[in-house]
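A.B. asks: Mind having a look at this structure? Questions to follow.
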Amino acid sequence: MNILCIDIGKGTQDIIYFNTEKNKNNIENAIKLILPSPTSIIANKIKNTNEDLKIDGSIMGGGPVNRAISELQEQGYKIEISKNAAPTIRDDLDVVRRRGIIIKDKIDNPNIIFGDLNFEMLENIFKEFGEEFRPDFVCVGCQDHGFVKGQSDRITRFNYFKELLQITDNPFEYIFKQETEQLNQFSRFNSIIQYLKNSGHSGFVMDSKVASICGILHYAKENDINEFVGLDIGNGHTLGVSIKDGKIKALFEHHTRLLTPVKLNKIVNKMINGTLTNEEIFNDRGHGATVVEGINPEKILISGPNRALFKEYGEYVYPGGDVMITGCVGLLNAYNYNYEK
């Protein structure tokens, strides 16, 4: 059985193609790819398109794509986009229209196609080294702020975490297998579920921050660390959790650019002793915090591209022997937990 784990970030898309027969329990022998992120790839295409844009496809991560579109608009080019793809720019389509972008029900002869997943590209890459790309199950990690009109996306996103924690304290269960009422607020997650359904693939989607935490949890279990703080310090967001006996006891999310080592250390210490409040993080322009109880951590385990921010206070983790695949290891373990019990 082939399990595709793909963790889609702002800068890279990190991929493990795990064959349960060939690789067994040794993830180091699996096919591993670190590629530019979909939003980076498509942004480069837009930058090299010296003509009006006609965009179709589905919702995907924005960031570089949105900046590339703005630069093209400043040069005087017209932008047309399908209603399906338009939330990539902004979930509130009125905001998209106010930017001078034309939204249409249908785009004829598009020159740009949006999408987080591109299996055709992966098929071509696999052909180059003589492998057939045929995943039996697909695990996808990405980030979605969520959208409720008139509400801060910081509130929407963190409400999602709080609601999940009320349902279960096991991060391996934080997956979307199919369309749910909650997915109405998370258009990017929903778009991936639709892509998998339309392409005939079984799979699930998980928030990429949670996937990283699951990777850290796997590393902790392998090293007999039972009570710990896990930090994923990303380019945009930093997610911190306290975990005991495999269960989340507290979590917070902040914007990495607003953190210093000293500030993050204070936040982590408050989370450890159970005194961290949601208001403290939100009023500092972060997303929020929720605490069940304090813990006595054996270790502070750190991952993410900006992990050096907290180097002096903890130690780096290398799930599967490589910090770049922390999220993929988390996705694979979420698959094992939910489907191989």
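A.B. asks: Yes or no: residue 119 open to solvent by less than 70 Å² (accessible area, probe 1.4 Å), touching a helix residue (DSSP H, G or I) at 6+ places or on another chain (Cβ under 8 Å) and not aliphatic (A, V, I, L, M)? Lay out the reasoning, then the answer.
C.D. replies: Details: open to solvent by less than 70 Å² (accessible area, probe 1.4 Å): yes; touching a helix residue (DSSP H, G or I) at 6+ places or on another chain (Cβ under 8 Å): no; not aliphatic (A, V, I, L, M): yes.
So residue 119 fails the test.
A.B. asks: Is it the case that the stretch 115-128 has a residue that's within 22 Å of residue 156 (Cβ to Cβ), assigned to a helix (DSSP H, G or I) and charged (D, E, K, R)? Let's see the steps before the verdict.
C.D. replies: Let us first name the residues in the stretch 115-128 that are within 22 Å of residue 156 (Cβ to Cβ), namely 116.
Now narrow it down to the ones that are assigned to a helix (DSSP H, G or I): none.
Checked against the condition, which is being within 22 Å of residue 156 (Cβ to Cβ), assigned to a helix (DSSP H, G or I) and charged (D, E, K, R), the stretch 115-128 yields no hits at all.
A.B. asks: Further question on the same structure: Scan the stretch 235-259 for residues that are outside any strand (DSSP E or B), over 26 Å from residue 10 (Cα atoms) and either open to solvent by less than 20 Å² (accessible area, probe 1.4 Å) or touching a residue at least 24 places away in the same chain (Cβ under 8 Å) (or both) and report the count. Steps first, answer last, please.
C.D. replies: The initial filter retains those residues of the stretch 235-259 that are outside any strand (DSSP E or B), namely 235-236, 245-246, 256-259.
Retained after the next criterion (residues that are over 26 Å from residue 10 (Cα atoms)): 245-246.
Then keep just the ones that are either open to solvent by less than 20 Å² (accessible area, probe 1.4 Å) or touching a residue at least 24 places away in the same chain (Cβ under 8 Å) (or both); that gives 246.
Final tally of qualifying residues: 1.
A.B. asks: Tell me which residues, restricted to the stretch 96-114, are in a strand (DSSP E or B) and more than 13 Å from residue 79 (Cβ to Cβ). Spell out how you get there, then give the answer.
C.D. replies: The initial filter retains those residues of the stretch 96-114 that are in a strand (DSSP E or B), namely 102-104, 112-114.
Listed by number, the list holds a single entry, 113.
A.B. asks: Does any residue in the stretch 296-312 that is without any contact (Cβ under 8 Å) to a residue 12 or more places away in the chain and open to solvent by less than 30 Å² (accessible area, probe 1.4 Å) come within less than 7 Å, Cβ to Cβ, of a residue that is acidic (Asp, Glu) and assigned to a loop (DSSP other than H, G, I, E, B) six or more places away or on a different chain, and which pairs are these?
C.D. replies: Matching pairs, first to second residue: none at all.
A.B. asks: Here is a check on your reading of the model: is residue 209 surrounded by fewer than 24 Cβ atoms within 10 Å (Cβ to Cβ), among the charged types (D, E, K, R) and not in a strand (DSSP E or B)?
C.D. replies: Working: surrounded by fewer than 24 Cβ atoms within 10 Å (Cβ to Cβ): no; among the charged types (D, E, K, R): yes; not in a strand (DSSP E or B): yes.
No.
A.B. asks: Scan the stretch 28-52 for residues that are open to solvent by 30 Å² or more (accessible area, probe 1.4 Å) and more than 30 Å from residue 102 (Cα to Cα) and jot them down.
C.D. replies: Selection gives 28, 29, 31, 32, 34, 35.
A.B. asks: Could you tell me how many of the residues in the stretch 135-147 are at pLDDT 95 or above and among the charged types (D, E, K, R)?
C.D. replies: Final tally of qualifying residues: 1.
A.B. asks: Do you know which residues across the stretch 96-121 are within 26 Å of residue 135 (Cβ to Cβ) and among the small types (Gly, Ala, Ser)?
C.D. replies: Within the stretch 96-121, 115 is the sole residue that qualifies.
A.B. asks: So, one more: Condition test on residue 332, is it buried (at least 20 other Cβ atoms within 10 Å of the Cβ) and either touching a His at 6+ places or on another chain (Cβ under 8 Å) or assigned to a helix (DSSP H, G or I) (or both)? Don't jump to the end; show me each part of the working.
C.D. replies: On the way: buried (at least 20 other Cβ atoms within 10 Å of the Cβ): yes; either touching a His at 6+ places or on another chain (Cβ under 8 Å) or assigned to a helix (DSSP H, G or I) (or both): yes.
Criteria met by residue 332.
A.B. asks: Working only within the stretch 91-116, note down all residues that are in contact with a strand residue (DSSP E or B) (Cβ under 8 Å, 6 or more places away or on another chain), exposed (fewer than 15 other Cβ atoms within 10 Å of the Cβ) and without any contact (Cβ under 8 Å) to a residue 24 or more places away in the chain.
C.D. replies: Within the stretch 91-116, 97, 105 meet the criteria.
A.B. asks: Turning to a different aspect of this structure: Answer yes if at least one residue in the stretch 222-234 is aromatic (Phe, Trp, Tyr), surrounded by 14 or more Cβ atoms within 10 Å (Cβ to Cβ) and within 19 Å of residue 298 (Cβ to Cβ), and no otherwise. Spell out how you get there, then give the answer.
C.D. replies: Kept after step one, since they are aromatic (Phe, Trp, Tyr), are these residues of the stretch 222-234: 228.
Filter once more, so that each one left must be surrounded by 14 or more Cβ atoms within 10 Å (Cβ to Cβ): 228.
Next cut, within 19 Å of residue 298 (Cβ to Cβ) only: 228.
There is at least one residue in the stretch 222-234 that is aromatic (Phe, Trp, Tyr), surrounded by 14 or more Cβ atoms within 10 Å (Cβ to Cβ) and within 19 Å of residue 298 (Cβ to Cβ).
The values are calculated or read from the model by the stated rules, or taken from the named source; none is laboratory data. Bear in mind the structure is a predicted one, so any value in this text is a computation, not a measurement. Every residue, glycine among them, receives a Cβ derived from its backbone with ideal geometry; neighbour counts consider all protein chains shown. Each accessible area value is taken on the protein alone, full model and side chains, heavy atoms only, with ligands, DNA and RNA left out. Shrake-Rupley method; radii C 1.70, N 1.55, O 1.52, S 1.80 Å.
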